[in-house]
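The next block holds one structure in the form of structure tokens; read it before the comments.
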Amino acid sequence: QDSHKYSGIVEDCCCDYETVDSINGAVLNPLLQELVTTPFFRYFKVKLWCDCPFWPDDGMLCQEGKPQGTVDRTLDSKVFRGWVEIDNPWTSDDETDNGEMTYVNLLLNPERYTGYTGPSARRIWDAIYSENCPKYRSGEICQEKKVLYKLISGLHSSISIHIAADYLLDEKTNMWGENLELMYDRILRYPDRVRNLYFTFLFVLRAVTKASDYLDQAEYDSGNHAEDVKAQSLMHQLLNNPKLQAACPLPFDEAKLWQGQNGPELKQQIQNQFKNISALMDCVGCEKCRLWGKLQVLGLGTALNILFSVNSQNDPAQRLQLHRNEVIALVNLLNRLSESIKFVHEKGPLVERLMKDL
Ligand code: FAD
């Protein structure tokens with residue numbers, strides 16, 4: 001991208017684009033990439049089958065199309081234990097352990113092109129945007145509504161970037177690679193989509209740093225001691241990174257929100273809208289997209305919960321508690337966003353030049 005297009009402070013945040021790129025490339029991305037490969041962070045518990053509460057008359061719902069859209073359920077040894085199960089008011093997921101849940105090894109199921117496209121996919125995005133977070137008009141005064149739109153748009157950008165970064169170029173020979181044209185058509189042509197990606201990254205990063213005491217002391221117990229010590233140490237390095245603290249100490253300032261007279265009402269309204277978005281993930285028509293859709297929406301819901309529902313560090317009733325799955329979702333979401341930012345930063349200028357020359 002031209003340097004002037006994405007320079008200065010990321011809108012509504014507290015750090016600039018250049019800082020995000022350099023801190024992400026040098027510190028955050030390498031740590032996150034390693035962290036998500038540890039046994040604790042690579043297993044996600046999810047209800048995979050389609051259980052869509054919307055469009056009940058539609059027999060086409062959740063039809064699995066292409067083989068690349070199916071989740072690989074292979075697991076190696078893993079143990080889940082010891083985390084408090086409490087409800088997250090921002091999501092509609094039932095996190096209690098039951099037979100409907102499947103454990104998935106995320107490393108075997110990278111987020112990439114699945115062939116899920118057409119009216120079914122379009123309907124989900126349309127429902128998300130039109131029913132739940134209508135694009136804010138310029139001059140919109142309600143900052144909080146704008147936040148929800150930008151978070152969803154940023155997540156959407158990140159999903160599209162992963163599709164472009166790992167695309168099935170030739171079905172016959174099963175050749176995978178980058179589809180830079182698609183990246184341009186879906187993302188780079190629209191600078192606000194890139195900006196929303198940076199915004200979402202900083203928002204989630206702020207949630208992680210705000211939960212730093214909790215995440216630093218949490219037990220990363222997968223049953224594999226050496227790997228769990230490694231996860232703990234990587235998490236500690238992520239949370240206590242002097243470069244991050246010096247360059248971008250407050251990635252997003254949540255204290256500015258919900259201050260108006262209608263604060264509590266508005267919060268409730270947006271919480272309900274986010275729950276609807278979470279429920280829509282049950283309608284996503286390809287299994288692997290559903291997996292990553294659910295994980296990332298749970299990660300966003302966890303970030304919202306950390307930033308907006310936990311007010312007092314000192315009041316024990318208000319103290320932050322997270323599900324194990326929420327921590328896994330939050331960290332994997334941050335990693336996905338970090339990968340997208342890195343890809344846009346590294347490939348963006350080249351792609352824009354190529355497209356201009358066409
Ligand atoms: P879409 O991406 O479907 O976009 C629909 C419309 O939304 C666009 O026309 C535009 O008006 C608007 N829009 C697009 N991007 C943004 C943005 N960033 N901000 C604001 N508005 C925007 N496919 C895969 O191959 N792999 C996956 O892992 C995958 N995961 C998915 C997860 C979910 C939750 C959903 C709903 C879909 C997923 N899909 C996945 C499908 C994929 O997102 C696209 O829907 C599909 O590739 C068709 O793309 P499209 O070009 O029609 O535009």
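Within region 172-187, count every residue that is touching a Lys or Arg at 6+ places or on another chain (Cβ under 9 Å), outside any helix (DSSP H, G or I) and more than 29 Å from LEU238 (Cβ to Cβ).
The qualifying residues number 1.
Report the residue count in region 248-265 for those that are crowded, with 17+ Cβ neighbours inside 10 Å and touching a Cys at 6+ places or on another chain (Cβ under 7 Å).
Of the residues in region 248-265, 3 are crowded, with 17+ Cβ neighbours inside 10 Å and touching a Cys at 6+ places or on another chain (Cβ under 7 Å).
Inside region 171-187, can you point out the residues that are hydrophobic (A, V, I, L, M, F, W, C), within 14 Å of the ligand (Cβ to nearest atom) and more than 18 Å from TYR6 (Cα to Cα)?
Passing the criteria: TRP176, LEU182.
Every residue in region 1-52 that is modelled with pLDDT of 90 or more, over 17 Å from ASN240 (Cα atoms) and out of contact with any helix residue (DSSP H, G or I) (no Cβ under 9 Å at 6 or more places or on another chain), please.
Those that are modelled with pLDDT of 90 or more, over 17 Å from ASN240 (Cα atoms) and out of contact with any helix residue (DSSP H, G or I) (no Cβ under 9 Å at 6 or more places or on another chain): ASP16, GLU18.
So which residues in region 270-291 are of a type outside the set (Val, Ile, Thr), more than 11 Å from the ligand (Cβ to nearest atom) and buried (at least 22 other Cβ atoms within 10 Å of the Cβ)?
Once the filter is applied, which keeps residues that are of a type outside the set (Val, Ile, Thr), more than 11 Å from the ligand (Cβ to nearest atom) and buried (at least 22 other Cβ atoms within 10 Å of the Cβ), region 270-291 yields only PHE274.
Pick out the one residue from ARG186, ARG206, ARG195 that is charged (D, E, K, R), within 30 Å of THR19 (Cβ to Cβ), without any contact (Cβ under 8 Å) to a residue 60 or more places away in the chain and crowded, with 18+ Cβ neighbours inside 10 Å.
That would be ARG186, the only listed residue that is charged (D, E, K, R), within 30 Å of THR19 (Cβ to Cβ), without any contact (Cβ under 8 Å) to a residue 60 or more places away in the chain and crowded, with 18+ Cβ neighbours inside 10 Å.
Tally up the residues in region 116-170 that are at pLDDT 95 or above and more than 12 Å from the ligand (Cβ to nearest atom), please.
2
For the subset of region 188-202 comprising residues that are among the charged types (D, E, K, R) and assigned to a helix (DSSP H, G or I), which member is farthest from the ligand (Cβ to nearest atom)?
In this case the residue turns out to be ARG195.
Going through region 228-247 one residue at a time, which ones are buried (at least 17 other Cβ atoms within 10 Å of the Cβ) and within 23 Å of PHE44 (Cα to Cα)?
Of everything in region 228-247, those that are buried (at least 17 other Cβ atoms within 10 Å of the Cβ) and within 23 Å of PHE44 (Cα to Cα) turn out to be ASP228, LYS230, ALA231, GLN232, LEU234, MET235, LEU238, LEU239.
Give me the residue from region 216-227 that is part of a helix (DSSP H, G or I) and touching a helix residue (DSSP H, G or I) at 6+ places or on another chain (Cβ under 6 Å) and, out of that set, modelled with the highest pLDDT.
Filtering first and then ranking leaves ASP216.
The values are calculated or read from the model by the stated rules, or taken from the named source; none is laboratory data. Everything numeric in this text was worked out from a predicted model, so none of it was measured. All Cβ positions, even for glycine, are placed from backbone atoms using ideal geometry, and neighbour counts span all protein chains on display.
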